[in-house]
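A.B. asks: Attaching a single structure in structure tokens format; questions to follow.
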Amino acid sequence: MTSLPEGRSYSCPICMGLGYVVQRQGEYAVARVCDCSRHCELCDDLGFVIEDVNGVPTSRKCQCRMLQDRIRLFNEARLPARYSDKTVERYEVHTKQQGFVKSMLSRYRDAFSPNAKGILLYGGTGVGKTHLVAGMVRYLTLEKGFSARFVDFFALIQQIKAGFSTQDSEARIIAELDRPDILVIDELGKGRATEWERTVVDSLIAQRYNSGKTLFITTNYDVREDKLGSLSERVGPRVMSRLYEMCEFYALDGDDYRKMRATPIS
Ligand SMILES: Nc1ncnc2c1ncn2[C@@H]1O[C@H](COP(=O)(O)OP(=O)(O)O)[C@@H](O)[C@H]1O
Ligand SMILES: [Mg+2]
Ligand SMILES: [Zn+2]
Ligand SMILES: [Zn+2]
């Protein structure tokens, strides 16, 4: 009895039959084919198999090639290295709300199709928002074959600013973020929220809005009110109203996991 796709084996203790491993490599989390799956017995490493379709021999991409495609999709998402081992399964539930969000995300990712309504996670620091979106990206690329891109909002702003001197134009950087099925914007609103930063957010969100493509967002800012220090104040009411249309909002509560794990010195 096996529920694993053909060619995956329980016998590999390194990848647990997934066929890939994810490691930290410099700034990013990088996936590669596990040693157990280096050689493909299905196609003898040709990359395709011949099938009989109504009496006509037809070539079809082999699953080893599909694994390579998915690994490329994961690597193109550019998840930060410190999230290379994060999965939705490895998110521990400490509160009722965390349990609700975790099971909702598990269902969401299995039902996902391009242009699906996105997800916005809000809550305090260290409650696992980035962990969960990283886990979603990992699953949706490696297990489902969707394209994704992860950007840290603050780093994106810095990159665009740096581009002013390197000819890497704001328009080009933003246009590139319209390609993937899923765009993750981590820590939306972080930064100085200057007039110029708001125009960047505005064009980025407007672009995804117009193409109808999925957004995953995390933020530490309050989304509920229009008050001082809220997300709306950071990104402006126009972006805020688009976000309401493009994403389902979920609160993550709980304590800062890093603090919970730190051993108190007494
Ligand atoms: N519920 C949890 N279960 C397991 N690990 C968690 C949980 N919450 C947070 N962490 C871990 O704590 C660290 C901080 O979480 P992170 O996702 O960066 O928080 P946030 O983005 O909400 O500030 C990460 O290493 C993350 O994997
Ligand atoms: Mg975070
Ligand atoms: Zn393996
Ligand atoms: Zn093959």
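A.B. asks: When the dipole is taken about the Cα centre of the chain, and only Lys, Arg (+1) and Asp, Glu (-1) are charged at their Cβ, what size is it in debye, to the nearest 20?
C.D. replies: Working: 38 positive and 35 negative charges, 68 e Å.
Roughly 320 debye, rounded to the nearest 20.
A.B. asks: So, one more: So if I take the centroid of the Cα atoms in region 128-182 and the same for region 191-257, what is the distance between those two points in Å?
C.D. replies: For region 128-182 versus region 191-257, the Cα centre distance is 15 Å.
A.B. asks: Take every DSSP beta bridge whose two residues both sit in the chain, then give the antiparallel share in percent to the nearest 5. Show your work: numbers first, answer last.
C.D. replies: Values: 13 of 32 bridges.
Among the beta bridges of the chain, antiparallel pairing accounts for roughly 40 percent.
A.B. asks: State the cysteines of the chain left without a partner when partners are defined as other cysteines whose beta carbon lies under 4.7 Å away.
C.D. replies: CYS247
A.B. asks: Once both axes come from the Cα atoms, what is the angle between helix 96-111 and the longest principal axis of the chain, in degrees from 0 to 90, rounded to 10?
C.D. replies: 50
A.B. asks: Mind listing the long-range amide H neighbours of ASP152? Cut-off is under 5 Å, sequence gap 5 or more, other chains count too, H placed in the peptide plane at 1.01 Å from N.
C.D. replies: ASP186
A.B. asks: Are there GluC sites (Glu not before Pro) in region 175-266 that DSSP puts in a loop and that have at most 12 other Cβ atoms within 10 Å, and which ones? Can you show the working numbers first?
C.D. replies: On the way: sites: GLU176, GLU187, GLU195, GLU197, GLU225, GLU233, GLU245, GLU248; in loops: GLU187, GLU225.
Passing sites in region 175-266 are GLU225.
A.B. asks: Here is a further query. Search the structure for amide H atoms under 5 Å from the amide H of LEU120, placed 1.01 Å from N in the peptide plane, and list their residues when 5 or more places away or on another chain.
C.D. replies: Counting only residues 5 or more places away or on other chains, the set is ILE217, GLU248, PHE249, TYR250.
A.B. asks: A further question on this structure: Under 15 Å from the Cβ of PHE153, count the other residues' Cβ atoms, weight Lys and Arg +1, Asp and Glu -1, and hand me the total. Kindly include the intermediate steps, with their values, before the conclusion.
C.D. replies: Working: positive: ARG78, LYS129, ARG149, LYS161, LYS190, ARG192, ARG198, ARG208, ARG234; negative: ASP152, GLU170, ASP186, GLU187, GLU197, ASP202.
With Lys, Arg at +1 and Asp, Glu at -1, the neighbours total +3.
A.B. asks: A follow-up question, please. Which of MET66, MET136 comes first, and how do the rest follow, when ranked by fewest Cβ neighbours within 10 Å?
C.D. replies: Values: MET66 14, MET136 24.
Ordered from fewest to most neighbouring Cβ atoms within 10 Å, MET66, MET136 come out as MET66, MET136.
A.B. asks: Next question, about the same structure. What are the extents of the Cα atoms of the chain along their three principal axes, in Å, largest first?
C.D. replies: Per principal axis, max minus min of the Cα coordinates gives 66, 54, 36 Å.
A.B. asks: Would you pull out the residues with amide H under 5 Å of ALA29's amide H, same chain only if 5 or more places away, H placed 1.01 Å from N?
C.D. replies: For ALA29, whose amide H was placed from the backbone, the distant partners under 5 Å are LEU79, ALA81.
A.B. asks: Can I ask one more? Any idea which of VAL53, PRO180, GLY236 is furthest toward the positive side of the dipole for the chain, if Lys and Arg beta-carbons carry +1 and Asp and Glu beta-carbons -1?
C.D. replies: Highest projection toward the positive end goes to GLY236.
A.B. asks: Counting other Cβ atoms within 10 Å of each Cβ, which trypsin sites (Lys or Arg not before Pro) in region 170-266 have at most 14 and sit in a DSSP loop? Show your work: numbers first, answer last.
C.D. replies: On the way: sites: ARG172, LYS190, ARG192, ARG198, ARG208, LYS213, ARG224, LYS227, ARG234, ARG238, ARG242, ARG258, LYS259, ARG261; in loops: LYS190, ARG192, LYS213, ARG224, LYS227.
Loop-located and lightly packed - ARG192, ARG224, LYS227.
A.B. asks: Go through region 127-137 residue by residue and turn each phi into a ³J(HN,Hα) via Karplus (6.51, -1.76, 1.60, θ = phi - 60°); whole Hz please, and just put x for glycine and proline.
C.D. replies: Going residue by residue, I get 8, x, 5, 5, 3, 5, 5, 5, x, 5, 4 Hz, with x marking Gly and Pro.
A.B. asks: Still on this structure: Sort region 132-258 into rounded, prolate or oblate with this rule: let a ≥ b ≥ c be the square roots of the eigenvalues of the Cα gyration tensor; rounded if a/c is under 1.5, and if a/c is not under 1.5, prolate when a/b is larger than b/c, oblate otherwise.
C.D. replies: On the way: a/c = 1.45, a/b = 1.03, b/c = 1.40.
Judged from the Cα gyration tensor, region 132-258 comes out rounded (a/c under 1.5).
A.B. asks: Here's a follow-up. Within 10 Å of each candidate Cβ there may be at most 13 other Cβ atoms; applying that plus a DSSP loop requirement, which trypsin sites (Lys or Arg not before Pro) in region 30-74 survive?
C.D. replies: Numbers: sites: ARG32, ARG38, ARG60, LYS61, ARG65, ARG70, ARG72; in loops: ARG38.
Passing both the DSSP loop test and the Cβ count: ARG38.
We did not get these values from a lab; they are worked out from the coordinates using the rules stated. For clarity, every value in this text was computed on a predicted model and none was experimentally measured. Here the Cβ is made from the backbone with ideal geometry for all residues, glycine too, and neighbour counts use every protein chain on show.
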